[in-house]
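Peer 1: Input: one structure, supplied below.
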Amino acid sequence: MWNRITLPSSHVFVLLLFAFATVTVRADGFPSEPIKIIVPYAVGGIADVLARLVGARLEPILKQPVVVENRSGSNGTIAMQFVAQARPDGHTLLLGNLGTQVVNRYLYQNLPFDIKRGFQPIGQIAATPMLLVVAANSPANSVADIIVSGKTQSAPLNFGSGGSGSASHLGLIMLSTMAKIDIVHIPYRGSSQIVPDLIGGRLTAYFDTPPTSLSLIAAGKLKPLGVASLERQPALPGVPTIAETIPGFELLSWLGLFAPAGLPVDRLKKLNESLRLVLAEPNFRKQLINQGNEVLPSTPQEFSEFIEREAIRIGVLVQTAGIRPE
């Protein structure tokens with residue numbers, strides 16, 4: 001016959017607590033499967049390249065494969081919908097940016113997901129100040145020259161952009177508004193189509209990102225006139241800021257990671273801490289800075305507050321200009 005053993009209530013509580021903790025650890029062994037980073041643009045672009053660089057460095061930290069999946073189209077809303085409707089377990093993430101998380105709020109009113117409330121910001125990765133460039137043989141040698149041309153020439157200033165609502169489009173609207181000059185917007189599908197027309201003289205100027213324009217500047221094909229940050233950039237120390245001519249001019253094309261809304265707090269913390277470890281790695285930081293980026297690690301709260309400030313500032317610009325989706 002078995003003898004019944006009676007434990008003190010305090011011992012029972014400790015055993016139950018230990019059992020609960022053990023089950024919790026097993027149940028929340030996050031991540032328990034490969035993580036997907038959904039990129040809302042085609043393979044080979046800046047966002048795609050950065051997602052792959054970050055993903056490769058997250059793998060040894062999270063101890064799971066990190067797969068980059070491209071779902072381009074509709075100004076990023078295809079990728080956004082996929083992530084917004086995924087399980088909020090931290091295994092499906094979005095590489096979002098100024099266009100997807102801010103501009104799209106004003107371009108689309110009837111999406112099957114909520115841009116503001118449907119995503120949990122994890123952390124910012126980097127910001128890239130837009131760069132005003134012209135062809136190497138352009139007579140313009142400064143931002144002031146462009147402004148003078150806009151006010152004195154009878155011919156229009158033709159600026160190319162990556163499409164309606166893109167960062168390059170916002171740049172020309174900001175320049176037109178703040179400098180009080182007329183600029184003709186000519187949308188393209190990407191910088192690979194814009195640059196030949198810029199070099200060929202069919203476009204006056206273009207707001208590009210340093211990672212794509214630095215090699216063309218070094219090759220003597222493009223000439224930088226100004227960078228759209230409030231301080232000069234290490235990758236282009238001799239290039240003045242546009243703000244030196246137009247006070248307050250600032251336009252950053254930033255990137256960060258997002259999860260579907262409802263992500264558990266402990267998983268959010270783990271993803272944020274892992275991302276910040278990646279961005280703290282000296283060689284990786286140096287690589288990003290040399291490409292013209294500003295490395296901007298942040299907490300989820302800091303990133304959320306930054307996005308809302310951008311939404312107010314850029315939202316006024318989008319609404320004033322009457323930008324509509326193409």
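The values are calculated or read from the model by the stated rules, or taken from the named source; none is laboratory data. Because the structure is a prediction, the values reported are computed rather than measured. With ideal geometry, Cβ positions are generated from the backbone for all residues, glycine too; neighbour counts draw on all protein chains shown.
Peer 1: What tally of residues in the range 270-326 results from selecting those that are closer than 22 Å to GLN109 by Cβ and either in contact (Cβ under 8 Å) with a residue 40 or more places away in the chain or not charged (D, E, K, R) (or both)?
Peer 2: 17
Peer 1: What's the total number of residues in the range 177-188 that are under 21 Å from SER229 (Cβ atoms) and out of contact with any helix residue (DSSP H, G or I) (no Cβ under 8 Å at 6 or more places or on another chain)?
Peer 2: Of the residues in the range 177-188, 1 are under 21 Å from SER229 (Cβ atoms) and out of contact with any helix residue (DSSP H, G or I) (no Cβ under 8 Å at 6 or more places or on another chain).
Peer 1: Something else about it: Name the residue that is farthest from the chain's Cα centre (by Cα), counting only residues in the range 127-159 that are modelled with pLDDT of 95 or more and of a type in the set (Gly, Ala, Ser).
Peer 2: Result: SER149.
Peer 1: Right, here's the next one. Across the range 169-191, what is the total count of residues that are assigned to a helix (DSSP H, G or I) and closer than 19 Å to SER138 by Cα?
Peer 2: Total satisfying the criteria: 3.
Peer 1: A further question follows. Looking only at the range 230-249, count every residue that is buried (at least 17 other Cβ atoms within 10 Å of the Cβ) and at pLDDT 95 or above and tell me the total.
Peer 2: 7
Peer 1: Then there's this: Working carefully through the options GLU294, GLU308, find the one that is among the charged types (D, E, K, R), assigned by TED's automatic domain parsing to the domain that holds LEU107 and more than 30 Å from LYS63 (Cα to Cα).
Peer 2: Result of the check over GLU294, GLU308: GLU308.
Peer 1: Counting only residues that are among the polar types (S, T, N, Q) and more than 21 Å from SER74 (Cβ to Cβ), which one in the range 160-204 is surrounded by the most Cβ atoms within 10 Å (Cβ to Cβ)?
Peer 2: THR204
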